[in-house]
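The values are calculated or read from the model by the stated rules, or taken from the named source; none is laboratory data. This structure is a prediction, so every number in the text was calculated from the model and none was measured. So basically every Cβ, Gly included, is an ideal-geometry build from the backbone, and we count neighbours across all protein chains shown.
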Amino acid sequence: MTIDRRSLLGASLATGLAAGTLRAQTPPPQAQKAQAPGLPQPTETIDLWPAGAPGVPSPALAEKVDERSTDSLVTDRAVYGITRPRMAVFRPDRPNGGAVLITPGGGYRWVVVDKEGYEMGRWLAARGFTAFVLFYRLPGERWAAGPDVPLVDAQRAMRLIRHRARDFAIDPERVAAMGFSAGGHVCASLSTRFAVPVYQPVDAADRLSARPVCAAPIYPVISMDPAIAHPGSRRLLLGENPSPGQAMAWSPDQTVPADAPPHFLLHAEDDDVVPVENTLRLRAALKARGVPVEMHLFAHGGHGFGLRKSLGKPVEAWPELWRAWARTAGLG
C-alpha cells in the first residue's frame with residue numbers, strides 16, 4: 001500500500017496547529033448506570049467531521065444510550081441516534097506502531113459499546129496496539145448517504161487515523177480494520193470498497209488512503225442474499241424490498257477488488273443469527289481474486305461471543321490466532 005507521505009506530513013502539521021480544536025471533541029457515549037469498577041473508560045475521542053456529519057436527516061436525531069446489563073459488575077451499552085460519529089481512543093503504554101479501527105456490531109439497529117468495542121480496545125492496547133472504536137452512523141436513520149453511511153464514516157475514520165499518525169506514535173502503513181457482526185459488514189465494506197468515492201472530501205485527511213493494511217471481519221454480516229442474510233441488518237441497510245442489484249452492490253463478497261488487503265475470517269458454525277455461509281462466501285470471493293485469506297471455523301460459539309462469551313470454549317483462542325496472523329499480514 002502506498003501512502004502519500006507529503007500529504008501525511010502536511011496533514012500532521014495542520015493537526016498540530018489545530019491542537020486547541022482537537023481538545024473539544026464529543027465525549028464517548030454515556031449511560032446513567034455507574035461504570036463497572038476496575039475497567040478503564042476512554043476519555044479521548046476524535047470527531048470525524050469538523051463541520052458536522054454530512055447529509056443530516058430531518059427531523060434531527062437525538063443520541064441515546066441503552067444499558068442492557070442487569071449485572072452491576074458488567075456493562076453492556078448500545079448507542080443509536082448517532083449524530084456526531086466519532087472514535088474512542090485506547091492508547092497503549094508502549095505503542096508498537098500498529099493501530100486497529102474497530103467497528104462493533106449491533107445489527108445496524110445500534111452500535112454496541114462494550115462487548116465488541118471497549119473490551120477489544122482494552123485487549124489491543126494491552127498488547128501495544130492503538131485502538132480506535134468507531135461509533136458510526138446507522139443506515140436506517142434517514143441519512144442522505146443511505147446504505148453507504150457506515151462506509152462513509154469508516155473511510156473517513158481510516159483517513160483520520162493516518163492524518164494523525166504522529167500524534168499516536170503509529171505507522172500510517174500499519175492501520176488495520178476489525179469488525180463484528182453488522183460491524184463486520186462495515187469492516188468488509190471498507191476492505192473491499194476503500195477506493196470507492198462515497199463522500200465529498202472535506203480536508204487534507206481525505207487525500208490519504210482508506211485501505212486497511214489487513215482486515216478481520218468477525219462472525220460478519222456479508223451477503224444481502226435473503227437465503228443467508230441477517231434479516232434485520234438487511235432491512236435496515238436496504239429497506240424491505242431491495243432489488244437484486246442493490247443486494248449485490250452491498251454484499252462485500254460481490255465487490256472484492258484485486259488489491260483488497262489480506263483477510264482474517266472467523267465464525268462459529270452453530271451461529272444461529274448470522275449463518276456461517278456469510279463467511280464462507282467472503283472467503284470464496286477473496287480466493288477467487290487472489291487475495292490472501294486465513295479462515296477459522298469453530299464448532300461452538302454461537303453469535304456475538306466477542307471476548308467475554310468465548311471464555312472456556314475452544315473459540316477463546318481466536319484473539320491470539322488473529323494476533324499471530326496479523327504479524328504475517330503487515331500489521332506487525
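On the basis of being basic (K, R), part of a loop (DSSP other than H, G, I, E, B) and closer than 12 Å to V79 by Cβ, does R137 make the cut? Let's see the steps before the verdict.
Working: basic (K, R): yes; part of a loop (DSSP other than H, G, I, E, B): yes; closer than 12 Å to V79 by Cβ: yes.
Yes: the conditions hold for R137.
Right, D93: in contact (Cβ under 8 Å) with a residue 40 or more places away in the chain, of a type in the set (D, E) and farther than 21 Å from A188 by Cα or not? It would help to see each step written out before you state the result.
Values: in contact (Cβ under 8 Å) with a residue 40 or more places away in the chain: no; of a type in the set (D, E): yes; farther than 21 Å from A188 by Cα: yes.
No.
Okay, residues lined up against (1) closer than 21 Å to G239 by Cα; (2) surrounded by 24 or more Cβ atoms within 10 Å (Cβ to Cβ); (3) not hydroxyl-bearing (S, T, Y):
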| position | (1), (2), (3) |
| --- | --- |
| R84 | no, no, yes |
| R109 | yes, no, yes |
| G117 | no, yes, yes |
| R122 | no, no, yes |
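Can you give me the number of residues within region 185-201 that are out of contact with any strand residue (DSSP E or B) (no Cβ under 9 Å at 6 or more places or on another chain) and more than 20 Å from W49 (Cβ to Cβ)?
So the answer is 1.
Test V291 against the criterion of being in a loop (DSSP other than H, G, I, E, B), within 14 Å of H185 (Cβ to Cβ) and either out of contact with any Leu (no Cβ under 6 Å at 6 or more places or on another chain) or of a type in the set (K, R) (or both), and give yes or no.
On the way: in a loop (DSSP other than H, G, I, E, B): yes; within 14 Å of H185 (Cβ to Cβ): no; either out of contact with any Leu (no Cβ under 6 Å at 6 or more places or on another chain) or of a type in the set (K, R) (or both): yes.
It is false that V291 is in a loop (DSSP other than H, G, I, E, B), within 14 Å of H185 (Cβ to Cβ) and either out of contact with any Leu (no Cβ under 6 Å at 6 or more places or on another chain) or of a type in the set (K, R) (or both).
Would you call L297 closer than 27 Å to V196 by Cα and either buried (at least 17 other Cβ atoms within 10 Å of the Cβ) or at pLDDT 95 or above (or both)?
Working: closer than 27 Å to V196 by Cα: no; either buried (at least 17 other Cβ atoms within 10 Å of the Cβ) or at pLDDT 95 or above (or both): yes.
No.
Being over 19 Å from G304 (Cα atoms), within 17 Å of the chain's Cα centre (by Cα), outside any helix (DSSP H, G or I) and not small (G, A, S) is the filter here, so list the residues in region 217-267 that pass it.
Correct list: W250, P261, P262, H263.
How many residues does region 223-271 contain that are buried (at least 22 other Cβ atoms within 10 Å of the Cβ) and on the phi > 0 side of the Ramachandran plot?
0
Which residue is farthest from L151 (Cα to Cα), if the candidates are limited to region 66-88 and must be at pLDDT below 95 and among the hydrophobic types (A, V, I, L, M, F, W, C)?
Within region 66-88, the subset at pLDDT below 95 is 66-77.
Those left that are additionally among the hydrophobic types (A, V, I, L, M, F, W, C): 73-74.
Numbers: L73: 34, V74: 30 Å.
My answer is L73.
Checking the conditions here, which among A216, A205, A227, A182 is touching a Ser or Thr at 6+ places or on another chain (Cβ under 8 Å) and among the hydrophobic types (A, V, I, L, M, F, W, C)? Reasoning before the result, please.
On the way: A216 fails: touching a Ser or Thr at 6+ places or on another chain (Cβ under 8 Å); A205 fails: touching a Ser or Thr at 6+ places or on another chain (Cβ under 8 Å); A227 fails: touching a Ser or Thr at 6+ places or on another chain (Cβ under 8 Å).
None of the other options fit; the residue is A182.
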